[in-house]
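Enquirer: Once you've had a glance at the structure underneath, I'll fire off some questions.
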Amino acid sequence: MSIGDRKVAVRGVRAIPDPPGIRQARTLPASWYSDPTFFEHERQRVFRQNWVAAGVTDELPAPGAWSALTVGGVPILLVRDRDGRLRGFLNVCRHRAAPLCDDEGSGSLIRCPYHSWLYRLDGSLARASGVGEPEGFDLDDYSLKPVGVAMWRRTVFVHVGDPTAALDLGPLADAVRDCPFDDMDMVLSERHERHFNWKVLLENYSENYHTPFIHPEIDTSATEDYPMVSDGAVLYAWDRLNQPGQAADEVIRSTMLPGEPGWEQVFAASTQRPYDVGSYLTIWPNVMLNLFPDAALVMWIEPTSANTTVVQRRLYVVPGRSATSLQGILDAHRLVHEQDVSICEAVQRSHDAGLDADGVLATVEERGVYFVHQHLRAALVDSL
Ligand code: FES
Ligand SMILES: [Fe+2]
């Protein structure tokens, strides 16, 4: 069966209807991936008005410590007080806007390096030595500005637009609750700035159309199809195995959708290879999460310009792996990522040259790309 002939409605497998509008959809113009003005507007609408992944819980500051990061281009300080409570603030002094910290620090007070104003770990201004008697000045009015911070599984989200918004990833995030992700050991922590617009990687991650060609070493022969469903911010794709004579858990998966009773067997399936029996979640706007019964890969992205993006990757495996098997997993994930980066950087060169593809989307295989485009258009709806 050629890729072009793939169908979702295979015998015995539940069909998932086309998302409305995908047959008429076209790919986005090159300028949306390369124009600095468009990028700034998009970053404002997408990354400063949403919950955005900003880290993993494994790397949060210890009690009594803080660390600086950037979310949607906005400098942020994550602070953990002595009781372990995590807070987020804009990383800007309320005096004359010096950044409070460039990397990380610890102590009972955060000192601004410029004129030495002192802030408590709850963000309140403790002292402003030497300030004299400015009219109407009250320490209580000059606390650091809070941002929203929330955690889901081992992922940390920040909302720079609304500190009181609740993070709600919906039912498809609940569908992975039985994945033993929280018990796994982190075995890789990587950060790289890459030469592509952030959407190029997110789109690439959200489809399996390219897999046989860009990742020929991944054996997809046992996968009849690669269905995907979406709800809210989450797109959920999975390897659906439906050949006769397979294990019960795999048969169940051929008729089930994520979150239905029995779905948890996905995470108890026996696996022989990296990239076997996977659940793949795209969480708008910047998370890519691979969950397997014995490993997990978290990736999140921070756009740094129209055509550059910081890509963060963390790999986890169940404890007790042999060194050889662990090296196999690390090598497999590295190879796949390098292959994806290479094709994404090549695509970006076309965007940078202003070459519009004006293409169509594969109506089954590129539902995830359509998901990305729909969220983007919704974010920009009244400004296009
Ligand atoms: S800018 Fe921070 S104390 Fe002046
Ligand atoms: Fe890929």
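The values are calculated or read from the model by the stated rules, or taken from the named source; none is laboratory data. The structure presented is a predicted model; accordingly, all values stated were derived computationally and were not measured. No Cβ is skipped: glycine too gets one built from the backbone with ideal geometry, and neighbour counts run over all protein chains shown. Accessible surface areas use protein heavy atoms only, side chains included; no ligands, DNA or RNA. Shrake-Rupley method; radii C 1.70, N 1.55, O 1.52, S 1.80 Å.
Enquirer: I'd like the FRET efficiency for residue 268 and residue 133, computed as 1/(1 + (r/R0)^6) with the beta carbon distance as r and R0 of 56 Å, rounded to 0.05.
Expert: 0.25
Enquirer: Can you give the FRET efficiency for residue 164 and residue 384, using 1/(1 + (r/R0)^6), R0 = 22 Å, r = Cβ-Cβ distance, to the nearest 0.05?
Expert: Working from the Cβ atoms, E equals 0.15.
Enquirer: Give the residue list of trypsin sites (Lys or Arg not before Pro) in the stretch 146-209 that are DSSP loop and have at most 14 other beta-carbon atoms within 10 angstrom.
Expert: 177
Enquirer: According to a simple spin-label model (label point 7 Å from Cα along Cα-to-Cβ), what is the distance in nm between residue 31 and residue 191?
Expert: 3.4 nm
Enquirer: Let me ask another. Counting Lys and Arg as +1 and Asp and Glu as -1, what is the net charge of the other residues whose Cβ lies under 10 Å from the Cβ of residue 108?
Expert: +1
Enquirer: Shifting gears a bit: What full-extension length gain, to one decimal in nm, is calculated for residue 96 and residue 83 as 0.36 nm per residue of separation minus the Cα-Cα distance?
Expert: 1.7 nm
Enquirer: Want the number for residue 174 to residue 331: 0.36 nm per residue separation, take away the alpha-carbon distance, what's left?
Expert: Between residue 174 and residue 331, full extension yields 53.5 nm more.
Enquirer: Let me ask another. Helix 367-380: angle to the longest alpha-carbon principal axis of the chain, degrees 0 to 90, nearest 10?
Expert: Roughly 30 degrees, rounded to the nearest 10.
Enquirer: So which GluC sites (Glu not before Pro) in the stretch 127-194 are both in a DSSP loop and have at most 11 other Cβ atoms within 10 Å of their Cβ?
Expert: Counting only loop positions with at most 11 other Cβ atoms within 10 Å, the GluC sites (Glu not before Pro) in the stretch 127-194 are 135.
Enquirer: Isolated Cys in the chain by the 4.7 Å beta carbon test?
Expert: If one checks each Cβ against the other cysteines of the chain, 101, 179, 344 turn up with nothing under 4.7 Å.
Enquirer: Sticking with this one: Taking the Cβ-Cβ separation of residue 252 and residue 182 as r and a Förster radius of 30 Å, what is the calculated FRET efficiency to the nearest 0.05?
Expert: 0.80
Enquirer: Further, regarding this structure: State the Cα centre-to-centre distance between the stretch 131-204 and the stretch 305-373 in whole Å.
Expert: 22 Å
Enquirer: May I ask for the percentage of alpha-carbon pairs in the chain that lie more than 38 Å from each other?
Expert: 24 percent
Enquirer: While we're on this one: Could you give the accessible area per residue of the stretch 52-159, probe 1.4 Å, as a whole number in Å²?
Expert: 48 Å²
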